[in-house]
C-alpha cells in the first residue's frame, strides 16, 4: 500500500514541476517583462537596471534553476510591480475567492447530485427531461454569458441585487449563482449517467431478485457504485476552488485570485503569475491525490491492486 | 502420406505478466512446445478451456504473434519474416475468422465494400471484375447482393459471420484459422454456418484449423482433434475415435462434462478445482492437481506426448507409462 | 395437486413491441423444468416478468399464481417477500452478478436478514454454512472478500448460496453455466442438482443448451418467438420431438458420438418481434408449413398425457403417436 502512495505522490510532484516549467517558459518567451512593466519609453539604463535587479539578463536556464532553487527555499519572488512578496499578494486574495467558490461548491453538490439521481431514477419522466434540458443549457452556456444574463435580470431589470463589487453578502449572490448553476448542471449530468450506468448492471437485478426493496437497492447497492465516477468530477471541482472563478470575478469586479491573475498576466508580473499557477497546480494535484485515495476507499478492486504492491 | 500442408513444429510462446499494477512479473507460458500438422483439405480441431493456449496457437500459426521457438511451415516453406512482401503474399493465402463478427466488421461501411477491401489491398483482378467477385462471394456464403448493400448493424449474427467468411475467402486462401467462429450463434444458425463451412471446404479444398471449446462442433467439422491444457497438447487423435474412447483423464472429463440429450448425469466425471491459470502452472503434468488418477510421478515429471497406436498420441504417465518403459 | 407456480397467458410489451405473446406454463413442487430456445425467444423475460424484475417501461399482462396467489402486479412489499424468499433467481454473467463494492458477507447476510428470522452471530454462522455448502473452501475467511477475488465458477457458487439463503421453493437459474468453461459447468450443474435434492426445491433451468437442459430437468418447454411451442418430459422430447422447431433444434445439434451426419439447419432467422408474421411464427422457416399455418397462430394443446404442442400438424402427430402406441 505504501508503494501505491509513493508512486502517486511522485507523480503529483512531477506534475507540479511540469506546470511551473510550462508557465515559466511561456511567460519568458512571450515578451520582455522590463518593457512591459516600464513601458517602451523608459530610458535604456532604467530598463537595464530593472533587468539586472530581476536577473533577466541571465541565460534562461540559469533563471529557471534559480527559480526552482528559490521555490525549494519557500521564496516565491516579489511582484515586479510593487516589490511585495508575490505570495503575500496572492494569499490576501484567497479568502475573497473562497467566499465565492466554497458556497458555489456546496450549491453544486446540493443541487447537482440529487437532481442527477432523481433524473436517473425517473428516467424519461417530465422531471428527467427538465433536469437534462437545464443541465445541457448550464453546460453549454459560457459562464460570462450566464453572468451577464443574471446581471441583466436581477441587477438591471429587477434591481434586487448589486451588479458588482464586494461591499456586502448581497454582492456575492450573483457570482455564487453563476458559478454554482454551471457546476450543478455538469454534476447533474454526470451523476445521472453514472447512476443510469449502475442501475443497468446485473448486480442491481441480483439485489432485486433476492428481495431487497427498491429503496434499499438504490441506497445500498446503486449509490456506492455510482459514487466512484462522481468522485472524479467532484475532485476536479475541488481543484478549481482557487482559480476557477477568473471569468466570474472579472465580470463582477470581485477582488479575488482570478482577477489578480488577469491583472498580473496583462502586466507580465512573472512572480505573481507563477505563484498563482503554482498554487493552482498544487490544489489540482492535491485534489487528484485525494480522489485517488477515495477511489481506493470506494472501490475494493483498486484497493486490491495497491495491496499487491 | 504426402507432406502436410501446414506443419507446426514445437512452437512456444511465453510472456511476462504483472499481477496488479506494481506486482512482481510472472512468466506466463501461453503455448509450450505445440506441434501440429494438417494435410491439405483437412481440418484440425483444437479444443480446450480458457487459458489452454488454443487461441494463441492459432495466432502464432498465422504469424500474428511471434513464436519464441519452433517454426511454422506453410505449403512446405517456412513462414516469411513478419511484414515482408513474401509474408504478405503468404498471408493472402491464409485468413482468420473470429468469434465476434460485429467486432471484425466496420459498422460504418456497407458489407459488400468490406468484402471488396482485401481485393483492393492485394490488387486482385481488374477493378471492374471486383464487383462481380463480391457478388460471387456473397452467393458462395448464401447471401444476396441486397444483403451486401446493408450495414453490419442491419444483419443478424449468422449473416454477419457469413460476411466475415466471404471477406476471408476473397483472396482465395488455402488455409483458414477459425477461432470460435460459431460460439456466439444460436444452435439453428450455428448449424447453418457449420454446414456452409463444410461445403466451402469441400468445394475450395480449404485446409482448416478450427479452434473451439465446443466438442460437438469440433467433432462435426474435424478430421483430427487436439486437446490442449495449459499450453500443451495432452491428447491428439482422429475425431470420432478420440471422443468415443478418450484416453487422457482430462479428455475423458471434457467428454463426460459435455451434456447430451437423452443421457442423465449419472457417472459423469466432475473435475475438482478452478479453471487452470497459465500464470501459476503446476510442475510436472500441468493437469495433475485436478486429475482424479494422478500418481506421485505426475507431480514431478512432464509426460511426453507419445503414440499409443493408431494415430492417437497421449501425454499421460498413466496411459503411456508402460509403453515408454518398454521402449527405454 | 395444485401447481407451485402457474403462469397463464403472460404477455410482455416493450415500447409497443410484443416480445412475450401469451406464455402458459406451470410447475409442480420440487420439479425441474427446463426452458430452451434461442436468444430473443423470451425464456428469460418470462421469469423476469413473473417476478416483476423487468424495467418499468415493460408492459406485463396475464397471470402468475404462486400457490394460488396472484403475484403479477402484487404490491412491492409482497413481491420483495416472494423474491428471494419463495422464488430465488441466479443469472448468467458471474463477473457482474455480484455488487463489486460490497463484501460477500454483506451480500449474503443481506439476503439472510430479509428472509430468515436470524440475528447477530446466527446470521454470520448461517452465511458461513451456506458458503461451505456450495463448496467455497475456507468459507470463514472468504466471507470478507470482495467478488473480484473469486473466479467465475466460485461467483456462481456464491450466487447459489445467496439464492439458498431464503430457503426458496423455486430456484430460477438463467443460463447459469453459459459463461463458464466445460469442466466448471459440470461442477455447477452437479452442485445445483445436489442442493435441489437436499432442499426439495423446484428449479427452472433456462438455457440455450439442449444437452444441459436434457440432463438436468424432468420436463422441458421449448420456446420460439415469445411462445412455448412444445412441452414434454425431457426424455420424450429429445427422443421424439413433435413440433418442427423442436425437431429442427435437435437436428441442428452435432452429435458427440456415433456416425456424423449433415446437420439439419433451420433455414432463415428468428422473426423480428416488431414484424411478427401472421399465424404461426415459425411457419416462414418451417419445411412442413402449409397455407393454413399462415392464417392463425396455433395454441398449445395436449397431444398426449403431459405433452403439449402448438402446431396445427400436432393433431396428425397425435394420431401417429396413438397409432404407434397401439401397435
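Taking a ≥ b ≥ c as the square roots of the eigenvalues of the Cα gyration tensor of segment A:59-204, is the shape rounded (a/c under 1.5), prolate (a/b larger than b/c) or oblate?
oblate
Taking Cα pairs under 8 Å and at least six residues apart, what relative contact order does chain C come out at, in percent?
Contact order relative to length: 19 percent.
In deg cm²/dmol and to the nearest 500, what is the mean residue ellipticity at 222 nm of chain C if only DSSP H runs of at least 4 residues count, each as -39500 (n - 2.57), divided by the residue total?
That calculation yields -10500 deg cm²/dmol at 222 nm.
Taking other Cβ within 10 Å of each residue's Cβ, how do C:109, C:311 sort, fewest first?
Listed from fewest to most nearby Cβ atoms, that is C:109, C:311.
Helix-derived [θ] at 222 nm for chain B: sum -39500 (n - 2.57) over DSSP H runs of at least 4, divide by residue count, nearest 500?
-10000 deg cm²/dmol
Quote the FRET efficiency, to the nearest 0.05, computed for residue B:82 versus residue A:60 with a Förster distance R0 of 51 Å and r equal to the Cβ-Cβ distance.
Efficiency for this residue pair is about 0.65.
Of all alpha-carbon pairs in chain B, indicate the percentage at a distance above 39 angstrom.
When all Cα pairs of chain B are counted, 17 percent exceed 39 Å.
Grab the beta carbon distance between residue C:218 and residue C:132, set R0 = 25 Å, and tell me the FRET efficiency rounded to 0.05. Don't jump to the answer; show the numbers that get you there.
Working: r = 28 Å, r/R0 = 1.13.
That pair, residue C:218 with residue C:132, gives E of 0.30.
Based only on the alpha carbon positions, what is the Kirkwood hydrodynamic radius of chain A, in angstrom?
Result for chain A, one decimal place: 22.3 Å.
Modelled label-to-label distance, residue B:64 and residue A:168, 7 Å Cα→beta-carbon offset: nm?
Inter-label distance under the simple model: 7.3 nm.
Using only the Cα atoms of segment A:216-309, build the gyration tensor, take square roots of its eigenvalues as a ≥ b ≥ c, and label the shape rounded, prolate or oblate: rounded if a/c is under 1.5, else prolate if a/b is larger than b/c, else oblate.
Oblate.
Which angle from 0 to 90°, rounded to the nearest 10, does the C-alpha axis of helix B:187-204 make with the longest principal axis of chain B?
Tilt of helix B:187-204: around 80 degrees.
What number, in percent, do you get for the relative contact order of segment C:186-327 if the mean sequence gap of Cα pairs under 8 Å and at least 6 apart is divided by its residue count?
Details: 154 pairs, mean separation 26.7, N = 142.
Relative contact order for segment C:186-327 comes out at 19 percent.
So the label point goes 7 Å from the Cα of residue A:144 along Cα→C-beta, right? Which residues of segment A:237-276 then have their backbone N under 13 Å from it?
Inside the label zone: A:246-253, A:262.
Which order results if A:61, A:54 are arranged by neighbouring Cβ count within 10 Å, fewest first?
Working: A:61 8, A:54 18.
Least to most surrounded, the residues fall as A:61, A:54.
Please report how far the C-alpha centroid of segment B:33-108 lies from that of segment A:45-83, rounded to the nearest whole angstrom.
64
Report the label-to-label distance for residue A:214 and residue B:203 in nanometres (one decimal), using points 7 Å from each Cα along the Cα→Cβ vector.
Once both label points are built, they end up 5.5 nm from each other.
Helix-derived [θ] at 222 nm for chain A: sum -39500 (n - 2.57) over DSSP H runs of at least 4, divide by residue count, nearest 500?
Helix-only estimate at 222 nm: -24500 deg cm²/dmol.
Find how many whole Å separate the alpha carbon centroid of segment C:269-294 from the alpha carbon centroid of segment A:156-193.
62
If R₀ is 25 angstrom, what is the calculated FRET efficiency for the pair residue B:9 and residue B:308, using the beta carbon separation as r and rounding to 0.05?
About 0.75, to the nearest 0.05.
What angle do you read, to the nearest 10 degrees and between 0 and 90, between the alpha-carbon axis of helix C:182-199 and the longest principal axis of chain C?
The helix C:182-199 is inclined about 80 degrees to chain C.
What spacing in nm lies between the two simple spin-label points modelled at residue A:297 and residue C:28, each 7 Å away from Cα in the Cβ direction?
Each label point is offset 7 Å from its Cα along the Cβ direction, giving 5.8 nm.
Taking the Cα atoms of segment B:117-235, report the difference between the largest and smallest coordinate on each principal axis, in whole Å and largest first.
For segment B:117-235, the Cα spread along each principal axis is 50, 28, 24 Å.
Provide, in order from the shortest bin, the percent of all Cα-Cα pairs of segment B:1-151 in each 5 Å bin, continuing until the bin that contains the maximum pair distance.
Calculated over all Cα pairs of segment B:1-151, the distribution is 2, 7, 13, 15, 16, 15, 14, 10, 6, 2, 1, 0 percent.
Please give the Cα centre distance for segment A:260-303 versus segment C:31-99, rounded to the nearest Å.
50
Within segment C:143-161, whose backbone N sits under 12 Å from a point 7 Å along Cα→Cβ of residue C:124?
Within reach of a label on residue C:124, which here means backbone N under 12 Å from a point 7 Å along Cα→Cβ, segment C:143-161 contributes C:143-144.
Got a sec? How would C:282, A:144 order by Cβ neighbour count within 10 Å, fewest to most?
Ordered from fewest to most neighbouring Cβ atoms within 10 Å, C:282, A:144 come out as A:144, C:282.
Laboratory data are not the source of any read-out in this text; all were calculated from the coordinates shown. Not measured: the values here are computed from a predicted model. We place every Cβ from the backbone using ideal geometry, glycine too, and count neighbours over all the protein chains shown.
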